[in-house]
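Structure first, commentary second.
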Amino acid sequence: MLTALRSKAAQAAALGLALGLGMTCAAADRSKVLNIYAWAEYFPPDVISKFQAETGIHVNYAMLDSPETAETILSVGHSDYDIVTMNAAPELAREIPKGFWKKLDQARLPNARNADPQIMQLLTTVDPGNQYAVPWMWGTTGIIYNSDKIKAIMPNAPLDSLDMIFKKDIAARFAGCGISMLDSWGDVLPMVSRYLGQPHLSAGKPELDAVMAKLQEIQPFVRRIATAGYYQQLAEGELCLAIGYSGDAMVARRMVNESHGQVKIEYSFAREMVPFYIDTMVIPADSPNPAAALTFINFVMRPEISASVTRFIGFATANAAALPLLEPAVRGNTLIYPPPSIRNRFELQRVYTPDETRAFTRAWLLFKSGL
């Protein structure tokens, strides 16, 4: 089991390393090289291979591990990336006015019309006129857990509540089997704020102090803070509980199946809050090869390509034309496509001011340094 999963990790690392190697080898003809900066497995190897075979464009794939890190890299400029998968809110919302991204040549993206109209409408709140971004995948943030381990430790565990991690007495019971949370203050801090009964995350001293006090209270019971790779540890049984993305729960399940493991991975929507995210494909303003980027975006927005990716990684596709191609078991999976009672509670992350962002970033770094 461990061997199979570690092999996948090695493959992912190799893909990341290929970025630098590819840039060097293909420097003579950059028009035939596409550098992608995206979440792990967002574009599976068979999709990349098919694109390369059809177009003759070589793809280098660098693994994005947090939207905050990506934003820092891109703010410096000259990143050499051609496509980035960026969260719509709050990152894209604050980056568009700063000139991070290139306007899309819609005439070269006929398959972009396959995007879900409702998702596109939501995107207009951060990308007026849908000029810069094409939606790729979407999902929620909630509670991922190893059902056997959790039930063995606490048969009546409040599985639909953030009590699982934020209530000290409960978190202490699960510390031994491993608790993880996303390395993203934009995901975690609003959930803590709502858990405490605050209407929204605030940088006001009393409110933010309360949020950080709650995190510090449960800090001794948290084994890992990570946005990349934690799902593999869940699949391997090294973690039993996490605040994580719905799509990552599906990735963990797939890893268990592929390795013929016995770990049972479940996911629940917290009753306190259901954060909702849209990951988009955008082209950096200084991309060396925007033409190849447009070609790739149009390629993956084919219904059959988008469907194959959702089938593989388990994230909900934002491609409406791909949905009829998915098996009923996938379309009917409420973890991927929640029912209206859950969708009615979806909340996109709001956009924060620069002062708020600095306050939250500083508080989060201090929290992490205490581990």
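The values are calculated or read from the model by the stated rules, or taken from the named source; none is laboratory data. Quantities reported herein were computed from a predicted structural model and do not represent experimental measurements. Using ideal geometry, Cβ is built from the backbone for each residue, glycine included, and neighbour counts are taken over all protein chains shown. To get the accessible areas, we keep the full protein, side chains included, count just its heavy atoms, and leave off ligands, DNA and RNA. Shrake-Rupley method; radii C 1.70, N 1.55, O 1.52, S 1.80 Å.
Some observations on this one:
- Checking [x] 24.3, 87; [y] 26.4, 88; [z] 20.2, 62 against the coordinates, the calculated Rg and Dmax of the Cα atoms in Å falls under label [z].
- Length released on extending from SER147 to SER369, taking residue separation times 0.36 nm less the Cα-Cα span: 76.9 nm
- GNM on the chain, alpha-carbon springs under 10 angstrom: the most fluctuating residue among MET120, MET86, MET137 is MET120.
- Neighbourhood net charge (11 Å Cβ-Cβ; Lys/Arg +1, Asp/Glu -1) for SER147: +1
- Whole-number D in µm²/s for region 147-211 (Stokes-Einstein; Kirkwood sum over Cα pairs; 20 °C, 1.002 mPa s): 164 µm²/s
- Residue of GLU327, GLU272, GLU41 that the Gaussian network model of the chain assigns the largest fluctuation, springs spanning Cα pairs under 10 Å: GLU327
- Histogrammed with a bin width of 5 Å, the alpha carbon distances of region 247-371 distribute as 2, 8, 12, 14, 15, 16, 15, 11, 5, 1 percent, first bin at zero.
- Under the convention that each Lys and Arg Cβ holds +1 and each Asp and Glu Cβ holds -1, the size of the dipole of region 30-174 around its Cα centre is about 80 debye.
- Values of log10 I(q)/I(0), in the order q = 0.17 Å⁻¹, for region 91-136 under a Debye, Cα-only, solvent-free model: -0.46
- With a cut-off of 12 Å between beta carbons, the residues surrounding GLU217 carry a summed charge of +2, where Lys and Arg count +1 and Asp and Glu -1.
- Label-point gap, in nm, between GLN121 and GLU266 - each point 7 angstrom along Cα→Cβ: 3.5 nm
- Span-like helix ranges in the chain, DSSP H, alpha carbon extent 27 angstrom or more, Kyte mean at least 1.0: 2-25
- Take the Cα of ASN156, step 7 Å toward its Cβ, do the same at VAL76, and the gap between the two points is 5.4 nm.
- Added length on full extension, which subtracts the Cα-Cα distance from 0.36 nm per residue, ARG358 to ASN298: 18.0 nm
- Scattering profile of region 308-361 at q = 0.14, 0.19 Å⁻¹ [log10 I(q)/I(0), Debye over alpha-carbon scatterers]: -0.55, -0.73
- Solvent-accessible surface of region 300-371, averaged per residue with a 1.4 angstrom probe and all protein chains in place: 48 square angstrom.
- The chain: antiparallel DSSP beta bridges as a percent of all, rounded to 5: 60 percent
- Counting charges near LEU325 (Lys, Arg +1; Asp, Glu -1) among other residues having Cβ under 12 Å from its Cβ returns a value of +1.
- Percent accessible area from carbon and sulfur atoms, the chain, protein chains only, probe 1.4 Å: 56 percent
- Highest mean packing first, where packing is the average number of other Cβ atoms within 10 Å per residue, the peptides 278-287, 343-352 line up as 278-287, 343-352.
- Three-way shape call for region 112-269 based on the alpha-carbon gyration tensor, with the a/c threshold at 1.5: oblate
- Helical content alone sets the calculated 222 nm signal of the chain at -13000 deg cm²/dmol, taking -39,500 (n - 2.57) per DSSP H segment of four or more residues and averaging over every residue.
- Out-of-range pairs (alpha-carbon distance over 32 Å; input LYS168/LYS205; LYS214/LYS264; LYS98/LYS205; LYS151/LYS214; LYS167/LYS264): none
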